[in-house]
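Below: one structure, written as structure tokens.
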Amino acid sequence: MGASEPSQQQEEAVDRNLEGRVCVITGASSGIGEATARALGAAGARVALLARREERIRALAAELNAATPDGQALAIACPADVTDMGALRRAADEIRDRLGRVDCLINNAGVMLNSPFQAGLVDEWRRMVDTNLFGVLQTTHVFLADLRNGGGDIVNTSSVAGRKTRAVSSVYSATKHAVTAWSEGLRQELIPDDVRVICVEPGVVDTELPEHITHPATRQATDDMYHRSMEPLASEDIASLIAYAVSRPERVSINEVLIRPSDQEF
Ligand code: NDP
């Protein structure tokens, strides 16, 4: 075999080409989810955008559809709260009707409401657990039959906080550790169904995520960390990693990726 000839393995590789694949992206109204929708749409995927802020996902869908050469709709907006099983089921029915069977689920919706545990912000703990953990579980449950029927991809957006814990992010970190742990168990369980489970663990990414922190000192410290102590990643850096992972040949499963700014220490 000459140096430039493809190996037998390369010839046999079946790419999971994104062209025409139906991808559901939760938390598509901003940040990493919005950038991922753009990246997958640009690669030819048909994308269903889920989030609560309806006007944002409708505007993004309109923008993506205006960019398609033949005017054939490739993006749809599905307003839904991932903590609401009924809303998820209605969104899933609409997606199947309008785009077809779902091939790829990006579990990205999340909130980071950091505070010292002793501040006792019980409602915020519950929102994080409900959104970051239970929301991911029930979204996956709703789309699992589609994903098992033909070999799909599930991308779970965990965090560096899913690998390491810091004092003021203990509850957020607990939800992300849970997502990382569950991703590995699910990966093993779904091997016979040809479903790949990909756990992405970003470090600091410049998005609106910390803007929702209500504890004043924690908000200030987080702003300093995001904007003064390092050069954060852009949402597009995570989006391009996700697009890369889900378009690998079938024999390649990128299980877990920790991706930080080059100057992030923790
Ligand atoms: P953003 O705040 O920009 O995005 C969060 C998204 O989640 C929004 O689109 C929001 O939409 C959606 N969302 C929140 N709650 C719900 C809900 N109940 N139902 C449906 N959608 C919901 O932040 P990021 O882009 O940074 O966050 C995306 C993911 O990345 C999160 O899981 C986050 O934990 C994770 N991450 C982020 C890091 C960072 O430094 N930015 C680092 C590591 C991980 P809407 O409000 O319209 O519902």
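The values are calculated or read from the model by the stated rules, or taken from the named source; none is laboratory data. As the structure is a computational prediction, the values presented were derived from the model and not from experiment. Counting neighbours? That spans all protein chains shown, and the Cβs are built from the backbone with ideal geometry, glycine included. Heavy atoms of the whole protein, side chains included, go into the accessibility calculation; ligands, DNA and RNA do not. Shrake-Rupley method; radii C 1.70, N 1.55, O 1.52, S 1.80 Å.
Of everything in segment 97-132 that is in contact with a strand residue (DSSP E or B) (Cβ under 9 Å, 6 or more places away or on another chain), away from the ligand (no atom under 16 Å from the Cβ) and not in a loop (DSSP other than H, G, I, E, B), the residue that is least open to solvent (accessible area, probe 1.4 Å) is Cys104. The single condition among (1) open to solvent by 30 Å² or more (accessible area, probe 1.4 Å); (2) modelled with pLDDT under 95 that Ala234 does not meet is (2).
So in segment 83-139, with the set limited to residues that are without any contact (Cβ under 8 Å) to a residue 60 or more places away in the chain and among the acidic types (Asp, Glu), which one is farthest from Ser183 (Cα to Cα)? Going through the qualifying residues, I end up with Asp97.
Among the residues of segment 72-96, those that are within 16 Å of the ligand (Cβ to nearest atom), assigned to a helix (DSSP H, G or I) and open to solvent by 10 Å² or more (accessible area, probe 1.4 Å) comprise Met85, Gly86, Ala87, Arg89, Arg90, Glu94.
Each row is one residue, and each column tells you yes or no for (1) within 12 Å of the ligand (Cβ to nearest atom); (2) among the hydrophobic types (A, V, I, L, M, F, W, C); (3) over 19 Å from the mean Cα position of the chain (by Cα).
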residue	(1), (2), (3)
Glu184	no, no, no
Cys199	yes, yes, no
Val204	yes, yes, no
Ser240	no, no, no
Val246	no, yes, no
Ile254	no, yes, no
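Set side by side, the residues Gly135, Gly41 differ, and just one is of a type outside the set (A, V, I, L, M, F, W, C), more than 22 Å from Asp237 (Cβ to Cβ) and crowded, with 23+ Cβ neighbours inside 10 Å, which is Gly135.
When Ser158, Ser170 are checked against the criterion of being over 19 Å from Gly33 (Cα atoms) and modelled with pLDDT of 95 or more, a single residue qualifies: Ser170. For Gln138, the requirement of being closer than 20 Å to Ala221 by Cα and either more than 16 Å from the chain's Cα centre (by Cα) or not aliphatic (A, V, I, L, M) (or both) is not met.
To keep it simple, each residue is scored yes or no on (1) of a type in the set (Ser, Thr, Tyr); (2) surrounded by 20 or more Cβ atoms within 10 Å (Cβ to Cβ); (3) not in a helix (DSSP H, G or I).
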residue	(1), (2), (3)
Val179	no, yes, no
Ala221	no, no, no
Ser229	yes, no, yes
Ser240	yes, no, no
Tyr244	yes, no, no
Phe266	no, no, yes
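Of all residue pairs spaced 6 or more apart or on separate chains, none has beta-carbon atoms under 7 Å together with a first member in segment 205-218 that is under 23 Å from Asn108 (Cβ atoms) and a second member that is within 7 Å of the ligand (Cβ to nearest atom) and open to solvent by 50 Å² or more (accessible area, probe 1.4 Å). Inspection of segment 254-262 finds no residue satisfying the criterion of being in contact (Cβ under 8 Å) with a residue 12 or more places away in the chain, more than 15 Å from Gly152 (Cβ to Cβ), among the small types (Gly, Ala, Ser) and not in a loop (DSSP other than H, G, I, E, B).
If I filter segment 51-70 for residues that are touching a Ser or Thr at 6+ places or on another chain (Cβ under 9 Å), closer than 28 Å to Asp193 by Cα and in a helix (DSSP H, G or I), do I get at least one hit? Looking through segment 51-70, none of the residues is touching a Ser or Thr at 6+ places or on another chain (Cβ under 9 Å), closer than 28 Å to Asp193 by Cα and in a helix (DSSP H, G or I).
Residue by residue through segment 141-169, note down the ones that are assigned to a helix (DSSP H, G or I) and open to solvent by 20 Å² or more (accessible area, probe 1.4 Å). Correct list: His141, Leu144, Ala145, Arg148, Ala167, Val168. For Leu190, the conditions (1) within 16 Å of the ligand (Cβ to nearest atom); (2) hydrophobic (A, V, I, L, M, F, W, C); (3) open to solvent by less than 60 Å² (accessible area, probe 1.4 Å) are fulfilled apart from (1).
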